[in-house]
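Working notes, structure below.
Every read-out reported here was derived from the displayed coordinates using simple, explicitly stated rules and does not represent laboratory data. This is a predicted model, so every value here is computed, not measured. Glycine also receives a Cβ, built like all others from the backbone with ideal geometry; neighbour counts cover every protein chain displayed.
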Amino acid sequence: MFVKIGAPKSADFSDPIGVLTDCHRRIEDFLGILETLTVADNPEPLNPERRKALEQSLNYFRNSAPKHSADEEESLFPRLKESGGMKTVLAKLEKQHKQIHALQASIEQLGMLWSARGILGPLDWSKLKADVEELSSTYSEHIQIEEHDVFPKVAAVLTAAALASVGKEMSSRRRD
């Protein structure tokens, strides 16, 4: 059930699109954990293994996922907009980021409550399940758009220097 934090990555910041793609795989892994934890129709108590998995997932979405969004919104998307293309697609992705952040905040709150209490009441459980399902669905579409529509066009639209700048900004975000 666990995702190994610090697992080797296949890309480094000299390949920012590779790093973003690696991030997508980690997002999918941690979403998979949340989906597994919330698959039951009725609230289930947390045992130590499930609590650890929940806390690792919440930690990822609290600390790493926002950096990924910032990589896109502050580094990649502005450069793509300057190139004059994909404005409609980028606007949709930015709107999805807002939706993702709201869902992550709700999941964080409910997940911390679940971790603290060991079990959730039926209403909180239903809300958590619905939020996890919606987050998974939104991320699925979001990742599909980026990996099939946006990322393949980056090399044709951005210069090597612009991509190097994106990579440096992404790296800097991880040092902060």
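Prolate is the label for the stretch 10-65, because a/c, from the alpha-carbon gyration tensor with a ≥ b ≥ c as root eigenvalues, is 1.5 or above and a/b exceeds b/c. Summing +1 for each Lys or Arg and -1 for each Asp or Glu among the other residues whose beta-carbon sits under 12 angstrom from that of LEU113 gives 0.
Per-residue extension of 0.36 nm, minus the Cα-Cα distance of ASN59 and SER137, leaves a gain of 26.1 nm for this segment. Could you compute the FRET efficiency for ARG174 and LYS127, with r as their C-beta to C-beta distance and R0 at 35 Å, rounded to 0.05? After rounding to 0.05, the efficiency reads 0.65. Can you sort GLU74, GLU169 by how many other beta carbons sit within 10 Å, fewest first? The fewest-first ordering by Cβ neighbours comes to GLU74, GLU169. Please express the Cα-Cα pair-distance distribution P(r) of the stretch 99-161 as a list of whole percents, one per 5 Å bin, running from 0 to the bin with the greatest distance. Result returned by the calculation: 3, 17, 19, 15, 11, 9, 8, 7, 5, 4, 1.
Give the Kirkwood hydrodynamic radius (Å, one decimal) of the chain, defined as one over the mean of 1/r across all pairs of different Cα atoms. About 17.1 Å for the chain. Full extension of the chain between ASP12 and GLU73 gives 20.0 nm of extra length, using 0.36 nm per residue less the Cα-Cα distance. Here the dipole of the chain is about 400 debye; that uses its Cα centre as origin and unit charges on the Cβ of Lys and Arg (positive) and Asp and Glu (negative). Between GLN99 and ALA164, the simple spin-label model (points 7 angstrom out along Cα→Cβ) gives 3.8 nm. Distance between the C-alpha centres of the stretch 14-71 and the stretch 100-162: 9 Å, rounded to the whole angstrom.
Shown for GLU146, GLU82: other C-beta atoms within 10 Å of each C-beta, ranked fewest to most, produce the order GLU82, GLU146.
The slack in the chain from ALA91 to GLN109, taken as 0.36 nm per residue of separation less the alpha-carbon distance, amounts to 3.7 nm. Highest GNM mean-square fluctuation, the chain, Cα pairs closer than 10 Å: which of ILE27, ILE107, ILE119? Ranking ILE27, ILE107, ILE119 by mean-square fluctuation puts ILE119 first. A crude spin-label estimate for the pair HIS148 and GLU82, with each label 7 Å from Cα along the Cβ direction, gives 3.0 nm.
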